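The values are calculated or read from the model by the stated rules, or taken from the named source; none is laboratory data. The shown structure was predicted, so the numbers you read here are calculated from the model rather than taken from an experiment. Heads up, the Cβs are rebuilt from the backbone with ideal geometry, glycines too, and the neighbour counts pull from every protein chain shown. For accessibility, only protein heavy atoms count, side chains too; no ligands or nucleic acids. Shrake-Rupley method; radii C 1.70, N 1.55, O 1.52, S 1.80 Å.
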Amino acid sequence: DEKSQRNQSWKAIFISTYSDLGRYIRYYATLKKAWDDLEKYLGQRCPRMIGSLKESVREEDLDAVEAQIGCKLPDDYRCSFRIHNGQKLVVPGLMGSMALSNHYRSEDLLDIDTAAGGFQQRLGLKQCLPLTFCIHTGLSQYMALESVEGRNKYEIFYQCPDQMARNPSAIDMFITGTSYLEWFTSYVNKVVTGGYPIIRDQIFRYVHDKECVATTGDITVSVSTSFLPELSSVHPPHYFFTYRIRIEMSKDALPEKACQLDSRYWRITNAKGDVEEVQGPGVVGEFPIISPGRVYEYTSCTTFSTTSGYMEGYYTFHCLYYKDKFFNVTIPRFHMVCPTFKVSTARMVSGDAILIKYGCVLYQETNHNEYAVDEDEDSTDTDEYEDRRRVLDIPAPSGRCPRHT
């Protein structure tokens, strides 16, 4: 098609294309496929999101941004923006959403000009470029363009201010990627394979372990979880997780199996082995009725002072046809683990060595001194609008929601 349109030979077209995109030969095929797969998958499911994508930028536009910020952009990042220049500042965001009873986040993939406007030179985020932005919380994921302040070059992270340090430049980091290519393609893969659920025209970043399912009689309970960096901190240790529970009765169950949830019991264990037990009526203030083929889903949250923990328990139901008959339904054990993080170099004591592991930071001492979501009702349906703010350094608000419901 291109050959006939241009009235050129394939060789002339190749030379022209290679002179424009040849520097990206290591990345272009992978990123183009990721973008194509994402557009195809979301085309029917999230049309507003696809409609918010911007056209590609030119080489000279990217060169101008490099001159503006005084740093080189990695080739995989540049290559992606030669395909799509991020998206408009709208809701829903391409990079995923999260909703609780009193907290909402939806991350846009920033276009190159907006990202350049939020480029950081201040201590704690020196030479960091924002990749995403949530217009509700001010949350961004940043990419380090240089290896400074304890970060690796091109590392991608959520900032996490150290609440116990007097120094405002003490910023810890929850790591989300080691390069733009890895960060973007791994996210796309989770979306297009159904790893992240699509709810009301939005991508929700819940992770479901296929083994985290329990069936009791005709009722199946499954759980997916998500870590919320914007409500978490390393110092003090406060790790915030949300979980989405799906309760479903088999469509083949007999009508007289219909039942109503009365109460819940939770056994919560942190990484130190400390156990907390919670028991209460209903779930998120409701007492759902489950009948053959019906699905009920709800969202709740929990916090840990350790970097990991797990929950398990059961629901107590009563039969609608035999009101004096009660029975328990197992909630499968589900684990929650904080992502890899790094502590701020502004906090580290001179001479201390630091070891980074998943979900924990270990010091080596030296001698130096020192909410409800149902199938028919979803609270995440928001109006689309554009945010005109170009300043991306807005602190995320603290937030809490009812726990263990």
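Could you tell me whether the stretch 227-245 includes any residue that is more than 18 Å from M95 (Cα to Cα), under 19 Å from the mean Cα position of the chain (by Cα) and open to solvent by 30 Å² or more (accessible area, probe 1.4 Å)? Scanning the stretch 227-245 turns up at least one residue that is more than 18 Å from M95 (Cα to Cα), under 19 Å from the mean Cα position of the chain (by Cα) and open to solvent by 30 Å² or more (accessible area, probe 1.4 Å). Consider the stretch 101-138 and keep the residues that are out of contact with any strand residue (DSSP E or B) (no Cβ under 6 Å at 6 or more places or on another chain) and under 22 Å from I203 (Cα atoms). The one that is most open to solvent (accessible area, probe 1.4 Å) is N102. So, F326, is that one modelled with pLDDT of 95 or more, open to solvent by 80 Å² or more (accessible area, probe 1.4 Å) and within 30 Å of A258 (Cα to Cα) or not? When the stated conditions are applied, F326 passes them. Among the residues of this structure, E66 counts as one that is under 30 Å from P168 (Cα atoms), in the same structural domain as I25 (by the TED database), over 17 Å from the mean Cα position of the chain (by Cα) and among the charged types (D, E, K, R). Condition test on S291, is it of a type in the set (G, A, S) and in contact with a helix residue (DSSP H, G or I) (Cβ under 9 Å, 6 or more places away or on another chain)? For S291, the condition - of a type in the set (G, A, S) and in contact with a helix residue (DSSP H, G or I) (Cβ under 9 Å, 6 or more places away or on another chain) - is met. If you go through the stretch 102-120 and pick out every residue that is part of a loop (DSSP other than H, G, I, E, B) and at pLDDT 95 or above, you end up with 4. In summary, strands (runs of 3 or more DSSP E) completely within the stretch 157-251 and bearing 3 or more residues that are of a type outside the set (A, V, I, L, M, F, W, C) and in the same structural domain as R333 (by the TED database) occur at 207-216, 219-227, 239-249. Has the stretch 262-273 got at least one residue that is β-branched (V, I, T), closer than 28 Å to Y41 by Cα and in contact with an Asp or Glu (Cβ under 8 Å, 6 or more places away or on another chain)? No, the stretch 262-273 contains no residue that is β-branched (V, I, T), closer than 28 Å to Y41 by Cα and in contact with an Asp or Glu (Cβ under 8 Å, 6 or more places away or on another chain).
Yes/no matrix, rows are residues, columns are (1) modelled with pLDDT of 95 or more; (2) within 18 Å of S179 (Cα to Cα):
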site: V57; (1), (2): yes, no
site: V90; (1), (2): no, no
site: L100; (1), (2): no, no
site: H136; (1), (2): no, no
site: Q141; (1), (2): yes, yes
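Pairs are defined by a Cβ separation below 8 Å, a sequence spacing of at least 6 or placement on different chains, a first member in the stretch 111-130 that is under 19 Å from D61 (Cα atoms), and a second member that is among the acidic types (D, E); the pairs so defined are I112/D61; G118/D393. Each residue in the stretch 156-202 was checked for being of a type in the set (G, A, S) and within 20 Å of Q120 (Cβ to Cβ), and 5 of them qualify.
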